[in-house]
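Visitor: Have a look at the structure that comes next, please.
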């Protein structure tokens, strides 16, 4: 199974890259795993939000194949426990589907990305930076996988 995180944003700070790299290394033991960065479309703060998210959506959707399972991360998404994520991961793993997680930019995701999503998840009711969302997502995927494998990393 191939898992991809498609994230809008500039090059992340070193501490973010280090954390994501550590969990990526761990996940690659079980999955083909990658992070795909999509550059912000328009740098100016006063740019048209819809145009900006539309351009980002075009780049995001170009990375998704019709058979891929797509999960967008958004504030209004489904709130899941780690065990629920583990169960969903197990189901997807047995189906053999490729899994694409999508993290939008500062202006969120364009409607075309939301319509393409098979599921919509929320990482937290708390507001967090997109860079922190990357870390939380990758760590939770690793934690969910350790539950499936009976590994002691997850002890709750």
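The values are calculated or read from the model by the stated rules, or taken from the named source; none is laboratory data. Keep in mind the model is a prediction, meaning the values are calculated, not measured. For neighbour counting, all protein chains shown are included, and Cβ atoms are generated from backbone atoms with ideal geometry for every residue, glycine included.
A quick yes/no check of all residues on (1) over 21 Å from residue 93 (Cα atoms); (2) surrounded by fewer than 17 Cβ atoms within 10 Å (Cβ to Cβ); (3) without any contact (Cβ under 8 Å) to a residue 24 or more places away in the chain; (4) over 13 Å from the mean Cα position of the chain (by Cα):
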{"residue": "110", "(1), (2), (3), (4)": "yes, no, no, yes"}
{"residue": "115", "(1), (2), (3), (4)": "yes, yes, yes, yes"}
{"residue": "120", "(1), (2), (3), (4)": "no, no, no, no"}
{"residue": "129", "(1), (2), (3), (4)": "yes, yes, yes, yes"}
{"residue": "138", "(1), (2), (3), (4)": "no, no, no, no"}
{"residue": "143", "(1), (2), (3), (4)": "no, no, no, yes"}
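Visitor: Go through the range 139-156 and count every residue that is under 16 Å from residue 31 (Cβ atoms) and in a loop (DSSP other than H, G, I, E, B). Please lay out each step first, then the result.
Guide: Applying the first criterion (under 16 Å from residue 31 (Cβ atoms)) to the range 139-156 yields 139-149, 151, 153.
Now restrict to residues that are in a loop (DSSP other than H, G, I, E, B): 151, 153.
So the answer is 2.
Visitor: Does residue 57 satisfy the condition of being surrounded by 14 or more Cβ atoms within 10 Å (Cβ to Cβ), under 15 Å from residue 137 (Cα atoms), at pLDDT 90 or above and touching a helix residue (DSSP H, G or I) at 6+ places or on another chain (Cβ under 7 Å)? Before the answer, list the steps.
Guide: Values: surrounded by 14 or more Cβ atoms within 10 Å (Cβ to Cβ): yes; under 15 Å from residue 137 (Cα atoms): no; at pLDDT 90 or above: yes; touching a helix residue (DSSP H, G or I) at 6+ places or on another chain (Cβ under 7 Å): yes.
No, not satisfied.
Visitor: Filter the range 76-92 down to the residues that are under 13 Å from the mean Cα position of the chain (by Cα) and surrounded by fewer than 17 Cβ atoms within 10 Å (Cβ to Cβ) and list them by number.
Guide: 77
Visitor: Follow-up question, since we're still on this one. Given the criteria loosely packed, with under 13 Cβ neighbours inside 10 Å, modelled with pLDDT under 95, over 20 Å from residue 131 (Cβ atoms) and touching a strand residue (DSSP E or B) at 6+ places or on another chain (Cβ under 6 Å), does residue 95 qualify? Outline the logic, then answer.
Guide: Numbers: loosely packed, with under 13 Cβ neighbours inside 10 Å: yes; modelled with pLDDT under 95: yes; over 20 Å from residue 131 (Cβ atoms): yes; touching a strand residue (DSSP E or B) at 6+ places or on another chain (Cβ under 6 Å): no.
Against the criterion (loosely packed, with under 13 Cβ neighbours inside 10 Å, modelled with pLDDT under 95, over 20 Å from residue 131 (Cβ atoms) and touching a strand residue (DSSP E or B) at 6+ places or on another chain (Cβ under 6 Å)), residue 95 does not qualify.
Visitor: Report whether or not residue 83 is in contact with a helix residue (DSSP H, G or I) (Cβ under 6 Å, 6 or more places away or on another chain), farther than 20 Å from residue 24 by Cβ and touching a residue at least 12 places away in the same chain (Cβ under 8 Å). Give the steps one after another, and end with the answer.
Guide: Details: in contact with a helix residue (DSSP H, G or I) (Cβ under 6 Å, 6 or more places away or on another chain): no; farther than 20 Å from residue 24 by Cβ: yes; touching a residue at least 12 places away in the same chain (Cβ under 8 Å): yes.
In short, no.
Visitor: I'd like the residue in the range 1-15 that is part of a strand (DSSP E or B) and closer than 18 Å to residue 96 by Cβ and, out of all such residues, is modelled with the lowest pLDDT. Before the answer, list the steps.
Guide: Of all residues in the range 1-15, those part of a strand (DSSP E or B) come to 2-8.
Within this subset, residues satisfying the condition of being closer than 18 Å to residue 96 by Cβ are 2-4.
Details: 2: 93, 3: 96, 4: 96.
My answer is 2.
Visitor: Condition (residue is closer than 15 Å to residue 84 by Cα and in a helix (DSSP H, G or I)) applied to the range 130-138: is it met by at least one residue?
Guide: Residues of the range 130-138 closer than 15 Å to residue 84 by Cα: 137.
From what's left, in a helix (DSSP H, G or I): 137.
Looking for residues that are closer than 15 Å to residue 84 by Cα and in a helix (DSSP H, G or I), one finds at least one in the range 130-138, hence yes.
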